[in-house]
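The values are calculated or read from the model by the stated rules, or taken from the named source; none is laboratory data. Model, not experiment: these values are computed from the prediction. All Cβ positions, even for glycine, are placed from backbone atoms using ideal geometry, and neighbour counts span all protein chains on display. For the accessible areas, the whole protein counts, side chains as well, though only heavy atoms, and no ligand, DNA or RNA atoms are used. Shrake-Rupley method; radii C 1.70, N 1.55, O 1.52, S 1.80 Å.
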Amino acid sequence: MNIQFKKGVLELCVLAILDQKDCYGYELVNELSDSIAISEGTIYPLLRRLKKEGFVTTYLRESQEGPPRKYYQITEVGKETKDALLGEWHKFVNGVNDVVAKESE
Amino acid sequence: MTKKTFIEVLKKNLHMIPIEDMNDLIYDYEEHFTLGEAEGRTEDEICKSLGNPYDIAKQVRADYVIAEAVEESTSSNILRAVLASLGLGLFNLIFVLGPFLGLAGVLIGLWAASLGVTLSGICLVLGMAFRPLLELIPYVVVSMPFGNMAAILIGIGFTAMGLLMGIGTYYLTKGGLSLTARYLQFNYNIISNRKDNPRKGARDEN
């Protein structure tokens, strides 16, 4: 099992959400914490790293309720990475299911 | 914890990363607080859900410094990366400092040896060349168990060997630095996934 995988799972989730639509930081954190128990503070460094690696870009959009919000957008490279991570995830889940199925025989 | 304290802890512990990266990150957290408060959450609630700002800063620092070290393996980058890695816990004292000191020791030894051999070669050649002059100084005797010509050739040979050793050590050092960078990356990846890591004030983080 790949050690990088655990970190990659959070990466996968972020990229998967951004693949659907552009989000601003807080929105992303909320969507994630609805489904997974995470330390919300670690999402922003993750986003920063994804931006540095070219998987996402940011832009500012005016908002009615105050200062312009920073939106995150997935890039082509980001989409490819997301697909690769998704493939690994499916392999992992299927592998675990195989093992568990064998155990219960 | 208040929002002010949280942000201040981050700023204080991130002063070494590029200013625009730090400002970017701080902007994100401030926005997070603003939006959270608009939803009716208290500063304290938001701080709790964000986690320990010291740990966040440590992770950002290690992330940044290690990426830099892999990109450009200069001795100062590597040293910074080693120190940041050590900051990540006691675990690293054994698995990072130990090997690093060992490697540094070997390389320093090789540099010293190269210098020594080169210098002895140069001294041999110069000693032979300036023998008449040197022997004018009272009590100085330049004597070799082999002929003059042989001495000069051996001297040149030593110098050349010393220089070759130096060149070899230079490449070994570069290789060693880049290897250290990669090892630190590997090490960081492992420990940032350990939940039983004896970190100071460790919190259960993903």
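Across chain A, C-alpha contacts under 8 Å between residues 6 or more apart give a mean separation that, scaled by the residue count, equals a relative contact order of 29 percent. Note on the range A:23-93: with neighbouring protein chains present and a 1.4 Å probe, carbon and sulfur make up 54 percent of its accessible heavy-atom surface. Modelled label positions at B:Lys48 and A:Tyr59, each set 7 Å beyond Cα in the direction of Cβ, lie 3.9 nm from each other.
Close amide H partners of A:Thr75, meaning residues 5 or more places away or on another chain with modelled amide H under 5 Å apart, are A:Val56, A:Thr57. Solvent-accessible surface of chain B, averaged per residue with a 1.4 angstrom probe and all protein chains in place: 57 square angstrom.
The modelled label-to-label distance between B:Thr5 and B:Ala129, using points 7 Å beyond Cα along the C-beta direction, is 7.1 nm.
Seen against the Cα atoms of chain A and their longest principal axis, helix A:25-35 is set at about 30 degrees. Electrostatic bookkeeping for A:Glu62 treats Lys and Arg as +1 and Asp and Glu as -1; over the other residues with beta carbon under 13 Å from its beta carbon, the sum is +2. Phi angles across the range B:147-153 convert, under the Karplus curve 6.51 cos²θ - 1.76 cosθ + 1.60 with θ = phi - 60°, into 3J(HN,Hα) values of x, 4, 4, 4, 4, 5, 5 Hz, Gly and Pro given as x. With protein chains left intact and a 1.4 Å probe, residues in chain A average 57 Å² of accessible area per residue.
Between chain A and chain B, the total buried accessible area stands at approximately 2500 Å², from heavy atoms with a 1.4 Å probe.
Using C-alpha pairs below 8 Å separated by at least 6 residues, the relative contact order for the range B:8-103 is 24 percent.
Suppose R0 equals 30 Å. What FRET efficiency, 1/(1 + (r/R0)^6) with r the Cβ-Cβ distance, do A:His90 and A:Ser33 give to the nearest 0.05? The formula returns an efficiency of 0.80 here. Burial annotation for the range A:21-43: residues with an accessible-area loss of at least 40 Å² between the isolated chain and the complete set of protein chains, computed on heavy atoms with a 1.4 Å probe, are A:Tyr26, A:Ser39, A:Glu40, A:Gly41, A:Thr42.
Between B:Ile137 and B:Leu101, the contour length at 0.36 nm per residue exceeds the Cα-Cα span by 8.4 nm.
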